[in-house]
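Structure first, then comments.
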Amino acid sequence: MKKITILDIQQFETTEKRKEFYTNTIENHLITSHKNIHKPHKHNFYLTVLFTHGKGIHEIDFIKYDVHPGSLFFLNPGQMHHWELSEDIQGFIFFHTQLFFDLHFTKNPVTNFPFFSSVQNSPVLYLETTDLDYFQLLFKEIFKENQTESLMKSQKITSLMNLIYIESTRYYIEKNETEVIKQNAYSHKFQEFEALVEEHYKTEKSASQYADWLNISPKHLNRINQEMVGKTTTDIILERVFLEAKRELITQKFSFNEIADDLGYEDYAYFSRLFRKKCGETPSSFINKYR
């Protein structure tokens, strides 16, 4: 069964010998990397992109977001995306491995920032013009620094990245106060649950099993999920299942039966009915939109 392309940072041109960090202007990135990024794909690294000119659509995990000057996007490893951008598009992009960032900030890992702490949080900020000017300066400084061989180069780059993440977090919480998953007594358990779902969603759909792995009752796990994102435990598990189903469907390289089997459903008819109930359309009607 053919899988969706997962891009590695090694596939991109970078001045770093270890290839744990990459930065570029959007204009150059689209030219030098177009063979890798013109189709829906995933990454195994964290990605941040700021658009300063132009417009378009950026689709992340099948949700479409407008692109215009001031659009700032954050992508987690494993999220699928692609974009359709105008010819006058401009901006900056950088991405890095988790190790590259966390080595410099051991007490504040990259997963502490809200846009990276949970895929339930929105991946985009829309900056006001005055804020865009400030963020653009920071991105430019990262791009310029990366062209040098100056002393403590990686330290300066990670410090600038950290500043972008801190400023983005403040802006993010201010603009999305009612939607952002905040750090509280339930946060750690919720993150553990998300990690378990990511690891086991294909083989385990039972809410009680996840609760058992977390050493809490199913009722308490459900309470945590309702408090954090307003969803039941089962809802979150099935959301992940059918996100993967959509990802596999658009490759168009294998049958619905094979996809159902890969996701742990021997009864394709049941899988199809559940897909329609959870996604609001049949697998066939979904894939027709991408042909």
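Here are the numbers for the structure shown:
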quantity	calculated
Looking only at segment 249-263, and only at residues there that are in contact with an Asp or Glu (Cβ under 8 Å, 6 or more places away or on another chain) and modelled with pLDDT of 85 or more, the one that is farthest from LYS205 (Cα to Cα)	ILE259
Scope segment 241-271; condition surrounded by fewer than 19 Cβ atoms within 10 Å (Cβ to Cβ) and farther than 21 Å from PRO40 by Cα; matching residues	ASN257, ASP261, GLY264, GLU266, ASP267, TYR268, ALA269, TYR270
Residues of segment 45-57 classified as out of contact with any Gly (no Cβ under 7 Å at 6 or more places or on another chain) and within 16 Å of PHE115 (Cα to Cα), total	4
Any hit, segment 70-91, residues being buried (at least 18 other Cβ atoms within 10 Å of the Cβ), at pLDDT 95 or above, touching a Phe, Trp or Tyr at 6+ places or on another chain (Cβ under 8 Å) and among the aromatic types (Phe, Trp, Tyr)	yes
Residues located in segment 40-79, provided they are outside any strand (DSSP E or B), farther than 14 Å from GLY91 by Cβ and out of contact with any helix residue (DSSP H, G or I) (no Cβ under 9 Å at 6 or more places or on another chain)	GLN79
Residue match in segment 234-246 (condition: part of a loop (DSSP other than H, G, I, E, B) and either more than 30 Å from LEU127 (Cβ to Cβ) or at pLDDT below 90 (or both))	no
Restricting segment 96-116 to residues that are touching a residue at least 60 places away in the same chain (Cβ under 8 Å) and either over 16 Å from TYR171 (Cα atoms) or hydrophobic (A, V, I, L, M, F, W, C) (or both), the residue that is surrounded by the fewest Cβ atoms within 10 Å (Cβ to Cβ)	LEU99
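Conditions tested, residue by residue: (1) within 19 Å of the chain's Cα centre (by Cα); (2) open to solvent by 30 Å² or more (accessible area, probe 1.4 Å).
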position	(1), (2)
LEU151	no, yes
GLU192	yes, yes
TYR210	no, no
ILE237	yes, no
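The values are calculated or read from the model by the stated rules, or taken from the named source; none is laboratory data. What you see is a predicted model, and the numbers here were worked out from it, not measured in a lab. Note that each Cβ is placed from the backbone with ideal geometry, even for glycine, and that neighbours are counted across all protein chains shown. Quick note on the areas: whole protein, heavy atoms, side chains included, nothing else; ligands and nucleic acids left out. Shrake-Rupley method; radii C 1.70, N 1.55, O 1.52, S 1.80 Å.
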